1. I want to confirm something. Restricting to region 163-209 and keeping residues that are in a helix (DSSP H, G or I) and in contact with a strand residue (DSSP E or B) (Cβ under 9 Å, 6 or more places away or on another chain), which single residue is least open to solvent (accessible area, probe 1.4 Å)?
2. State which residue pairs qualify: first residue without any contact (Cβ under 8 Å) to a residue 40 or more places away in the chain and inside region 279-294, second residue open to solvent by 20 Å² or more (accessible area, probe 1.4 Å) and basic (Lys, Arg) in any location, beta carbons under 9 Å apart, and separation of 6 or more residues or different chains.
3. Can you run down the residue pairs with Cβ atoms below 8 Å, 6 or more apart or on separate chains, where the first is in region 135-155 and free of Cβ contacts under 8 Å to residues at least 12 places away in the same chain and closer than 11 Å to Ile181 by Cβ and the partner is open to solvent by 60 Å² or more (accessible area, probe 1.4 Å) and outside any strand (DSSP E or B)?
4. Please work out if Asn262 is polar (S, T, N, Q) and without any contact (Cβ under 8 Å) to a residue 12 or more places away in the chain.
5. Which numbered condition trips up Leu94, out of (1) crowded, with 17+ Cβ neighbours inside 10 Å; (2) among the aliphatic types (A, V, I, L, M); (3) without any contact (Cβ under 8 Å) to a residue 24 or more places away in the chain?
6. Within the set of pairs 6+ apart or on separate chains, which have a first residue in region 164-188 that is farther than 17 Å from Gly300 by Cα, a second that is modelled with pLDDT under 95 and open to solvent by 40 Å² or more (accessible area, probe 1.4 Å), and C-beta atoms under 7 Å apart?
7. I need the full set of residues from region 102-128 which are over 19 Å from His258 (Cα atoms), of a type outside the set (A, V, I, L, M) and part of a loop (DSSP other than H, G, I, E, B), in order please.
8. Can you name the residue in region 97-128 that is touching a residue at least 12 places away in the same chain (Cβ under 8 Å) and among the charged types (D, E, K, R) and, of all such residues, is most open to solvent (accessible area, probe 1.4 Å)?
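The values are calculated or read from the model by the stated rules, or taken from the named source; none is laboratory data. Computed from a predicted structure; not experimentally measured. Glycine also receives a Cβ, built like all others from the backbone with ideal geometry; neighbour counts cover every protein chain displayed. Side chains included, ligands, DNA and RNA excluded: accessible areas come from the protein's heavy atoms. Shrake-Rupley method; radii C 1.70, N 1.55, O 1.52, S 1.80 Å.
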Amino acid sequence: MISTKTIRRLVSGIALVLVLLLALGFAGKTLAIGNALALLRPQLGVLLLTLSPVLFALNARAIGAASILLAIIASATTWPGFLTTTRACPGDCLTLYQKNLLSNGTARAELVRDVLASGAEIVTLQEASDHNRREMPGLFAHYPFGVICNIRPRQDVGVLTSLPVIEGSEFCQPDAALAGIQVIVPDGRPVWILSIHLDWPYPRDQLGQSRRAAALIEGLDGLKLIGGDFNMVPWGGSVARIEAGAQLRPLGPFMNTHQVGNWLLPLPIDLVLVPQGSVGSIERRPQLGSDHFGLLARIGLPKAN
């Protein structure tokens, strides 16, 4: 028969591993592996919370207390984002359609119809490959201004817009997985519109890309809007670094945007980042031949000082 002491050591060992994994997941700004582990922060928090009563019952109070503390922190930094309520724009909104097209995607005609029917003045795209540009001529012809940037083979990022643009503002930064253009919004202010497609986290170079992207974005003067496939959840270090440098936040609530995500492992990796003080709403659009869902954001920018 297994002794209580043996059971205590086994459960404590499991809890210590979970604590370590969860703690590393908070280090995504400095450790590449931390970004990857951040994906599991909600699940690790729930597991630790479940183990805590068992640890106390086995008289492993120190690890039990640490488990409860980390579980609370994990919950506080993840779950509220899924419950965020949105506030409609008080007047005219900017409408932005965010979409990872999938480089060899299908149902292109249906996707074009959905984007155009949304009335979006801004479209941020990822995987705008030759295939997609060839199969979606109506989309690219509809918008008079834009920029397309090849960051990896068949992984072009782009911005399309019907808003007036500031001549010569277009830029392409492949090493930061970023493309951008500066537009004039209806109230006359210039706003940077950026599209980003970070690589996967560890063992890929998402950490380095996010550092380069954050530095570039922080250096742009004026308001910024970012639509993108971050390949990272909003509480991950890569997203947090970009938000902090540009003083942005995700337009919520968080929602699963990848076809492999589910209620057990939500993957809100496609995001629209807006300036602090913005209001607005966001809705998920169908996959329409992609492995990602689209996002349709209606954004009220903060009032000018």
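1. Ala176
2. Correct list of pairs: Glu283/Arg298; Phe293/Arg284; Phe293/Arg285.
3. Going by the 8 Å Cβ cut-off, there are no qualifying pairs.
4. On the way: polar (S, T, N, Q): yes; without any contact (Cβ under 8 Å) to a residue 12 or more places away in the chain: yes.
Taking the combined requirement at face value, the residue satisfies it.
5. Leu94 satisfies all of (1) crowded, with 17+ Cβ neighbours inside 10 Å; (2) among the aliphatic types (A, V, I, L, M); (3) without any contact (Cβ under 8 Å) to a residue 24 or more places away in the chain except (3).
6. Pro174/Asn150
7. Listed by number, the residues that qualify are Gly119, Glu121.
8. Per the stated criteria, the residue is Glu110.
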